[in-house]
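The values are calculated or read from the model by the stated rules, or taken from the named source; none is laboratory data. Keep in mind the model is a prediction, meaning the values are calculated, not measured. Glycine gets a Cβ as well: all are built from the backbone with ideal geometry, and neighbour counts include every protein chain shown. Note: accessible area is taken over every heavy atom of the protein model, side chains too, but ligands, DNA and RNA are not part of it. Shrake-Rupley method; radii C 1.70, N 1.55, O 1.52, S 1.80 Å.
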Amino acid sequence: MYLPDKKGKFGEFGGRFAPETLIPPLENLEKEYKEIYKDKKFQIELSHLLSDYAGRPTPLYFAENLSKFLGFKIYLKREDLAHTGAHKINNTLGQVLLAKKTGKKRIIAETGAGQHGVATATACALLNMKCYVYMGKVDMERQKLNVYRMKLLGAEVIPVESGSMTLKDAINEAMRDWIANFKTTHYVIGSVVGPYPYPLIVRNFQSVIGNETKKQIMKKEGKLPDYLVACVGGGSNSIGLFHPFYKNKNVKFIGVEAGGRGINTNKHAATLCKGSKGILHGSFTYILQDKYGQIHPTHSVSAGLDYPGVGPEHSFYEETGRAEYVYATDRDALNGFHKLSELEGIIPALEPSHAIGYLIKNRKKFKKTDVVVLCLSGRGDKDVVEVAKIEGMK
């Protein structure tokens, strides 16, 4: 792997900005991860779980009807068909298995849309670990189905009532728990955020998405795609798709952030489009902050993108021009949600609906000969009731 460096930096981004009490556990986690990840027995066991349990490889599906509508070829990397309905299972199986190998007995996690919480609870049920999930009260209300699924799987869901009561605040509470209980507890961070080595760990477990895509698109098209497109909140599904193609300079990356009600309002979560450099949750990266360094409240129709920061590797891609970061509004996302459902019979989660909505709105920017791969990072079962409520049960 080309990045990060020994200090956990992607260029100037990343690092380990954490309380003193967490530095030894983070250093120990880095050491244990690097030893265990290289072990052939661990890789065989994880590969078995990903294939026989999680259903990998997921299909790379040529969306013929959507392609005709857009005017160029589009393939969907069907992470919605992975067990639990999203890409999150790739990381949770890896991290919970890692925690078991290091003798930890207790797992904590944060969740926004609930998909990471469900995936963590699933991995814990399978591997016989106690599971506690922190979730903002606002997100619990708009993701009731996933709250029930977590409880059904044996997890304790802990409501977070501080701050905006969304993903940022859930991470804050999970961090506090880990500081108090690190000797017995492993914190399964759900995205490529947080202090080093988490951005490395999560990226490597999610890179299965891009590695599979590379093989699949060569079989289908005989060449690599022209564009990779994915939604970006913290950024795990997108980095999982992008990273294996990093050195393939002819493959362009487009990350789609949550534009909410417009990026010139204070109701969005478009960190790379409108943010500035700062420190959040143990990492130096782009964040949404005021001139005093206070974190801005965010908004997105999708709970999974409702976050005021982004993974440091994405900040590095932005800074170096390796990826282009754009946004789609709530309205664009709802349009994408409906269009894919109507044209392909696939109901997407609201998170990847942003990427679909962006392509619909900007389809004239692409050539007829372009081949585009979009990461369909999750299915929309969890969002149907919320969308119906937003649209007045039309």
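Suppose we keep only residues that are of a type in the set (Phe, Trp, Tyr) and farther than 19 Å from Arg142 by Cα within region 281-320. Which one would you say is least open to solvent (accessible area, probe 1.4 Å)?
Tyr317
What are the pairs, 6+ residues apart or on separate chains, where a residue within region 26-38 that is over 18 Å from Thr184 (Cα atoms) has its Cβ under 8 Å from a residue that is assigned to a helix (DSSP H, G or I) and charged (D, E, K, R)?
Between residues of region 26-38 that are over 18 Å from Thr184 (Cα atoms) and residues that are assigned to a helix (DSSP H, G or I) and charged (D, E, K, R), the close pairs are Ile36/Lys101.
With the condition kept exactly as written, say whether any residue in region 284-303 is charged (D, E, K, R), modelled with pLDDT of 95 or more and out of contact with any Lys or Arg (no Cβ under 7 Å at 6 or more places or on another chain). So that I can check it myself, show each step before the final result.
Looking only at region 284-303, we keep the residues that are charged (D, E, K, R), and these are 290-291.
Then keep just the ones that are modelled with pLDDT of 95 or more; that gives none.
No.
Can you confirm whether Leu126 is assigned to a helix (DSSP H, G or I), open to solvent by 50 Å² or more (accessible area, probe 1.4 Å), more than 18 Å from Leu340 (Cβ to Cβ) and modelled with pLDDT of 95 or more?
yes
In region 367-394, which residue that is over 17 Å from Pro59 (Cβ atoms) and touching a Gly at 6+ places or on another chain (Cβ under 7 Å) is most open to solvent (accessible area, probe 1.4 Å)?
Lys368
With the checklist (1) of a type outside the set (A, V, I, L, M); (2) under 20 Å from the mean Cα position of the chain (by Cα); (3) assigned to a helix (DSSP H, G or I) in hand, flag the one item Lys364 doesn't pass.
Among (1) of a type outside the set (A, V, I, L, M); (2) under 20 Å from the mean Cα position of the chain (by Cα); (3) assigned to a helix (DSSP H, G or I), the lone unmet condition for Lys364 is (2).
I'd like to verify a number: residues in region 321-352 that are out of contact with any Gly (no Cβ under 7 Å at 6 or more places or on another chain) and surrounded by fewer than 24 Cβ atoms within 10 Å (Cβ to Cβ), how many?
Number satisfying all stated conditions: 14.
Of the residues in region 245-259, how many are within 17 Å of the chain's Cα centre (by Cα) and either farther than 19 Å from His296 by Cβ or surrounded by fewer than 24 Cβ atoms within 10 Å (Cβ to Cβ) (or both)?
Residues flagged as within 17 Å of the chain's Cα centre (by Cα) and either farther than 19 Å from His296 by Cβ or surrounded by fewer than 24 Cβ atoms within 10 Å (Cβ to Cβ) (or both) within region 245-259 amount to 4.
Of everything in region 129-186 that's part of a loop (DSSP other than H, G, I, E, B) and β-branched (Val, Ile, Thr), which residue is least open to solvent (accessible area, probe 1.4 Å)? Explain how you work it out, then say what you get.
Narrowing region 129-186 to residues part of a loop (DSSP other than H, G, I, E, B): 129, 143, 153-155, 161-166, 182-184.
Filter again for β-branched (Val, Ile, Thr), leaving 166, 184.
Working: Thr166: 9, Thr184: 75 Å².
Result: Thr166.
Tell me, please, whether a residue that is touching a Leu at 6+ places or on another chain (Cβ under 8 Å) and either open to solvent by 60 Å² or more (accessible area, probe 1.4 Å) or free of Cβ contacts under 8 Å to residues at least 40 places away in the same chain (or both) can be found in region 70-83.
The answer is no, given that none of the residues of region 70-83 is touching a Leu at 6+ places or on another chain (Cβ under 8 Å) and either open to solvent by 60 Å² or more (accessible area, probe 1.4 Å) or free of Cβ contacts under 8 Å to residues at least 40 places away in the same chain (or both).
Given the options Asp52, Asp80, name the one that is of a type in the set (Asp, Glu) and closer than 19 Å to Ile346 by Cα.
Asp80
Would you check if Gly262 is within 27 Å of Val387 (Cβ to Cβ), surrounded by fewer than 20 Cβ atoms within 10 Å (Cβ to Cβ) and in contact (Cβ under 8 Å) with a residue 40 or more places away in the chain?
Details: within 27 Å of Val387 (Cβ to Cβ): yes; surrounded by fewer than 20 Cβ atoms within 10 Å (Cβ to Cβ): yes; in contact (Cβ under 8 Å) with a residue 40 or more places away in the chain: yes.
Here the answer is yes, as Gly262 does meet what is asked.
Write out, first by first residue and then by second, each pair whose Cβ atoms fall under 6 Å of each other, whose residues are 6+ apart or on separate chains, and whose first residue, in region 275-298, is over 22 Å from Asn264 (Cβ atoms) while the second is part of a strand (DSSP E or B).
Final answer for the pair search is Leu280/Ile287; Leu280/Gly309; Ser283/Gly14; Phe284/Phe13; Thr285/Phe13; Thr285/Gly309.
Inspect region 188-204 for any residue being under 17 Å from the mean Cα position of the chain (by Cα), within 21 Å of Gly136 (Cα to Cα), of a type in the set (S, T, N, Q) and not in a strand (DSSP E or B) and give the result as yes or no.
yes
Outside any helix (DSSP H, G or I) and surrounded by 18 or more Cβ atoms within 10 Å (Cβ to Cβ): does that describe Ile107?
Taking the combined requirement at face value, the residue satisfies it.
Assuming Asn237 fulfils every condition listed in (1) touching a strand residue (DSSP E or B) at 6+ places or on another chain (Cβ under 8 Å); (2) within 21 Å of Thr111 (Cα to Cα); (3) in contact (Cβ under 8 Å) with a residue 60 or more places away in the chain; (4) not in a helix (DSSP H, G or I) apart from one, which condition is it?
If we test Asn237 against (1) touching a strand residue (DSSP E or B) at 6+ places or on another chain (Cβ under 8 Å); (2) within 21 Å of Thr111 (Cα to Cα); (3) in contact (Cβ under 8 Å) with a residue 60 or more places away in the chain; (4) not in a helix (DSSP H, G or I), just (4) comes out false.
Which numbered condition trips up Phe242, out of (1) open to solvent by 30 Å² or more (accessible area, probe 1.4 Å); (2) assigned to a helix (DSSP H, G or I)?
Only one criterion in (1) open to solvent by 30 Å² or more (accessible area, probe 1.4 Å); (2) assigned to a helix (DSSP H, G or I) is unmet by Phe242, namely (1).
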